[in-house]
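Here is the structure we will look at, set down as structure tokens.
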Amino acid sequence: MVQFTDWDILKNLLLAARWTILLSLLAFAGGGLFGLILTLLRSMRSKITTRIIQTYVEIFQGIPLLMQLFLTFFGLSLIGIEVDAWSAAVISLTLFSSAFFHDIWRGCIEALPKGQWEACRTLGLTYLQTMRYVIVPQAMRMSIAPTVGFSVQIVKGTALASVIGFVELTKAGTMINNAVFEPFKVFALVAVLYFLICFPLSVLARHLEKKNHVAR
Amino acid sequence: MSYQLDFAGLVPYLPQFAAGLWATIELTVISTLGGLLLGTLCAQGRISKDAWLRRSCSCYIEIIRNTPFIVQLFFIFFGLPALGLKLSAWQAGMFAMIINLGAYSAEIIRAGIDAAPKGQWEAGQTLGLTRRQVFWHIILLPAYQRVYPALVSQCIIVMLGSAVVSQISVEELTFSANFVQSRSFLSFESYMVAALVYLLLAILMRQTFALIKRFAFKNPSL
Amino acid sequence: MSLVSLDQVHKYYGENHVLKGVDLKVEAGEVVSIIGRSGSGKSTLLRCMNGLEEYQKGAVIVDNQSVENDDYKLRLLSRSVGMVFQNFNLFPHMTVGENVMLATKLVMKKSSAESEMLAKELLEKVGLADKFSAYPGNLSGGQQQRVAIARSLAMSPKVLLCDEITSALDPELVGEVLKVLEKLKQEGMTLILVTHEMNFARDVGDRVVFMNQGRVWETGQSDEVFSNPQTEELQSFLAAVR
């Protein structure tokens with residue numbers, strides 16, 4: 001058996017944490033992009049699109065993320081696309097976060113007072129002008145805090161990629177523990193590393209939210 | 001690549017699914033009740049006059065909210081025995097879920113408490129009630145009412161999170177799906193069924209909470 | 001042809017019949033006050049004149065254009081009809097100047113320089129020339145409302161609709177807004193205002209329309225209506241607000 005010093009444990013965990021961060025960034029970018037497209041589609045106010053997007057959001061918010069990972073992993077191979085754990089994780093985390101991002105951003109748009117729309121209408125602005133110059137800038141400002149807040153959920157969500165065999169922080173923790181069998185120490189360290197990633201984001205989100213409240 | 005989905009092949013495994021579903025429901029009901037109680041106590045702790053109590057409550061909330069549930073679960077199940085606290089998989093799963101919901105709901109409930117007009121505290125205190133009495137009799141119910149939608153969503157998130165306790169072999173719904181797929185080799189179908197059941201559970205929970213709301217809050221919404 | 005003409009306008013909110021056949025004509029240069037209890041349909045009536053509310057029966061014609069629920073037609077109409085709201089509805093993320101210039105650039109397609117000149121001129125008129133670069137959030141309610149008036153004037157409308165524009169203001173700020181309206185009247189602007197300011201309606205308004213139960217209950221020259229109300233409902237209304 002290989003001898004692990006505490007430093008070895010930490011070093012390996014830190015190396016694995018890179019993958020947690022990379023996976024989080026990809027899911028954030030992918031989910032953000034896809035969520036943005038959903039939000040734009042929804043704002044066209046077509047009944048059918050709205051219904052479809054609503055169902056999409058309900059499904060992704062009503063099924064465990066773990067289940068979504070399994071379904072992506074096994075479902076894609078079923079239709080002939082062999083995916084590795086890495087791609088399956090990226091795909092399902094992207095879909096998962098797109099549903100939540102869409103929900104957050106739609107909420108911000110709907111939270112704007114009706115008077116903003118009415119004022120634009122009486123000034124003769126078109127729908128797109130109203131969105132571009134009045135609605136989106138305000139909704140964006142409002143959405144920054146909850147968006148940062150949700151990024152914490154994404155980081156924590158990446159931990160589930162360990163279950164389908166992707167070696168990120170949590171999986172690395174499990175593997176190291178199997179070698180050294182010091183679960184208390186190993187999992188405490190894993191938790192600390194997650195905390196170090198997530199806590200600053202949480203604080204930032206809270207700070208931004210407070211600033212928003214003062215501004216209004 | 002034309003694969004025929006074969007849901008009929010799952011029929012013999014219905015008892016497994018049923019058992020898993022029952023376990024998930026049990027986990028959900030107990031952890032919801034326990035978690036909301038813990039969350040309420042913690043929210044009260046956060047506004048306590050005792051600085052140490054305040055700080056420990058914040059610490060607990062931040063630690064839980066900023067680490068993944070699966071890591072909390074592994075720490076409790078694999079790590080705590082090192083401290084002499086040995087829990088069965090079922091107990092560890094339950095404990096983890098309660099602690100998890102406790103932290104999230106504490107934060108939500110506190111937001112509801114913060115939104116209470118200062119006059120409510122003052123009115124209670126001028127009537128001669130202690131701070132604790134004002135909290136439990138005057139502040140708490142409207143606070144729940146204010147944040148009820150967020151609270152419901154959080155309870156559902158924790159129910160969905162229960163899928164993760166399959167990883168320490170708690171025999172709930174996801175565990176059943178894993179078991180069935182390993183026996184029947186109908187992996188996609190098994191997970192599909194489980195996913196659908198979770199979706200229905202989420203809808204059912206939302207409706208149950210809507211029903212509770214009608215009985216719990218008789219005053220017009222705030 | 002009158003500038004604004006309503007002919008037997010009916011409006012329903014579901015089962016609720018809020019406007020029950022309203023006839024009203026407003027000539028260019030007139031100042032008409034619409035008064036009445038809350039729920040009498042006066043704001044709804046005003047909002048039918050620029051298409052913010054749909055009506056189910058009858059006709060609304062403003063500046064020879066029929067007001068219909070059609071986005072394109074309503075955009076054209078916005079050049080003839082301006083509106084000022086109770087809650088200002090300024091765009092909080094834009095400066096005062098940007099608020100005023102938004103529509104002149106986007107809708108009237110004026111150049112930036114031209115828009116800026118116009119905006120400064122209008123802000124000067126409402127007494128806020130120095131606030132061009134300020135944000136609405138840093139202004140008092142009365143100042144915000146004056147910016148909102150300038151914003152509507154930038155479209156050089158033929159008629160300005162004012163929906164209880166002093167109701168959200170602290171009492172000491174009402175005067176500065178009413179003074180702007182008086183100035184507009186002197187310049188010949190057509191004003192239709194839903195208002196609680198009875199003194200203003202009497203002293204500045206040409207005509208008063210008393211709405212009751214979704215109908216024009218009583219109407220006439222301001223001084224006559226106030227000194228000699230004909231119907232019992234108007235008498236009790238005036239007694240209550242005084």
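The values are calculated or read from the model by the stated rules, or taken from the named source; none is laboratory data. All values derive from a computational prediction rather than experimental measurement. Here the Cβ is made from the backbone with ideal geometry for all residues, glycine too, and neighbour counts use every protein chain on show.
Descriptive notes on the structure:
- Filter result for B:L186 (at pLDDT below 90 and within 14 Å of chain A (Cβ to nearest Cβ)): yes
- Restricting attention to region B:157-181, the residues that are at the interface with chain A (Cβ under 8 Å from one of its Cβ atoms) and among the aliphatic types (A, V, I, L, M) add up to 4.
- Residue that is farthest from the other protein chains (Cβ to nearest Cβ), among those in region A:57-85 that are outside any helix (DSSP H, G or I) and surrounded by 14 or more Cβ atoms within 10 Å (Cβ to Cβ): A:V83
- Taken as a whole, the structure places A:I144 among residues that are among the hydrophobic types (A, V, I, L, M, F, W, C), part of a helix (DSSP H, G or I), surrounded by fewer than 18 Cβ atoms within 10 Å (Cβ to Cβ) and more than 10 Å from chain B (Cβ to nearest Cβ).
- Residue list for region B:119-136, filter: hydrophobic (A, V, I, L, M, F, W, C) and crowded, with 16+ Cβ neighbours inside 10 Å: B:W121, B:L129, B:V134, B:F135
- Any hit, region A:94-105, residues being without any contact (Cβ under 8 Å) to a residue 40 or more places away in the chain, surrounded by fewer than 22 Cβ atoms within 10 Å (Cβ to Cβ) and not aromatic (F, W, Y): no
- Taking first residues from region A:174-186 that are under 17 Å from A:W7 (Cβ atoms) and partners that are polar (S, T, N, Q), the Cβ contacts under 7 Å between residues at least 6 apart in sequence or on separate chains come to A:I176/A:N12; A:V186/A:N177.
- Residues of region C:95-110 that are more than 8 Å from chain A (Cβ to nearest Cβ) and either within 20 Å of C:D163 (Cα to Cα) or of a type in the set (A, V, I, L, M) (or both): C:V96, C:N99, C:V100, C:M101, C:M108.
- Listed conditions (1) more than 18 Å from A:A159 (Cα to Cα); (2) touching a residue at least 12 places away in the same chain (Cβ under 8 Å) are all met by B:F74, apart from (1).
- Checked against (1) over 18 Å from the mean Cα position of the chain (by Cα); (2) loosely packed, with under 13 Cβ neighbours inside 10 Å; (3) in a helix (DSSP H, G or I), A:L41 passes all but condition (2).
- Residues that are aliphatic (A, V, I, L, M), closer than 17 Å to C:R37 by Cβ and under 19 Å from the mean Cα position of the chain (by Cα) within region C:198-238 comprise C:M198, C:A201, C:V208, C:V209, C:M211, C:V216, listed in sequence order.
- The set of residues from region B:162-209 being in contact (Cβ under 8 Å) with a residue 12 or more places away in the chain, part of a helix (DSSP H, G or I), among the small types (G, A, S) and surrounded by fewer than 23 Cβ atoms within 10 Å (Cβ to Cβ) comprises B:S184, B:A202.
- Residue tally, condition more than 14 Å from chain A (Cβ to nearest Cβ) and of a type in the set (D, E, K, R), over region C:44-67: 1
- Those residues of region A:1-33 which are within 14 Å of A:V167 (Cβ to Cβ) and of a type in the set (A, V, I, L, M, F, W, C), in sequence order: A:L13, A:L14, A:L15, A:A16, A:A17, A:W19, A:I21, A:L22, A:L23
- Output for region B:78-118, where each listed residue is among the small types (G, A, S), touching a helix residue (DSSP H, G or I) at 6+ places or on another chain (Cβ under 7 Å) and surrounded by fewer than 21 Cβ atoms within 10 Å (Cβ to Cβ): B:A82, B:A89, B:A111, B:A115, B:A116
- Some residue of region A:112-127 being part of a helix (DSSP H, G or I), among the aliphatic types (A, V, I, L, M), within 13 Å of another protein chain (Cβ to nearest Cβ) and more than 16 Å from A:Q153 (Cα to Cα): yes
- Members of region C:75-86 that are farther than 14 Å from C:A154 by Cβ, at the interface with chain A (Cβ under 7 Å from one of its Cβ atoms) and hydrophobic (A, V, I, L, M, F, W, C): C:F85
- Extreme residue, farthest from the other protein chains (Cβ to nearest Cβ), among residues of region C:111-134 that are touching a residue at least 12 places away in the same chain (Cβ under 8 Å) and in a loop (DSSP other than H, G, I, E, B): C:G127
- The set of residues in region B:38-77 being surrounded by fewer than 21 Cβ atoms within 10 Å (Cβ to Cβ), over 25 Å from A:L193 (Cα atoms) and polar (S, T, N, Q) consists of B:S48 alone.
- Hits in region A:159-176 - residues which are within 7 Å of chain B (Cβ to nearest Cβ) and farther than 14 Å from A:A17 by Cα: A:V163
- Filter pass, A:M131 being more than 14 Å from chain C (Cβ to nearest Cβ) and part of a helix (DSSP H, G or I): no
- When the criteria are applied in full, A:Q54 fails the requirement of being part of a helix (DSSP H, G or I) and in contact with a Phe, Trp or Tyr (Cβ under 8 Å, 6 or more places away or on another chain).
- Qualifying residues in region B:13-37 (those that are within 30 Å of B:F135 (Cα to Cα) and of a type in the set (A, V, I, L, M)) - the one surrounded by the most Cβ atoms within 10 Å (Cβ to Cβ): B:L27
- Considering residues of region C:37-58 that are touching a residue at least 60 places away in the same chain (Cβ under 8 Å) and assigned to a loop (DSSP other than H, G, I, E, B) only, the residue surrounded by the fewest Cβ atoms within 10 Å (Cβ to Cβ): C:R37
Table: residues versus (1) over 16 Å from the mean Cα position of the chain (by Cα); (2) within 22 Å of B:S182 (Cβ to Cβ); (3) not β-branched (V, I, T).
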position	(1), (2), (3)
A:V57	no, no, no
A:L65	no, yes, yes
A:L71	yes, yes, yes
A:G80	yes, no, yes
A:A85	yes, yes, yes
A:A88	no, yes, yes
A:T94	no, no, no
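- In region B:189-203, the residues that are more than 8 Å from chain A (Cβ to nearest Cβ) and within 19 Å of the chain's Cα centre (by Cα): B:V197, B:L200, B:L201
- Search result, residues across region A:1-22 that are without any contact (Cβ under 8 Å) to a residue 12 or more places away in the chain and in contact with a helix residue (DSSP H, G or I) (Cβ under 6 Å, 6 or more places away or on another chain): none
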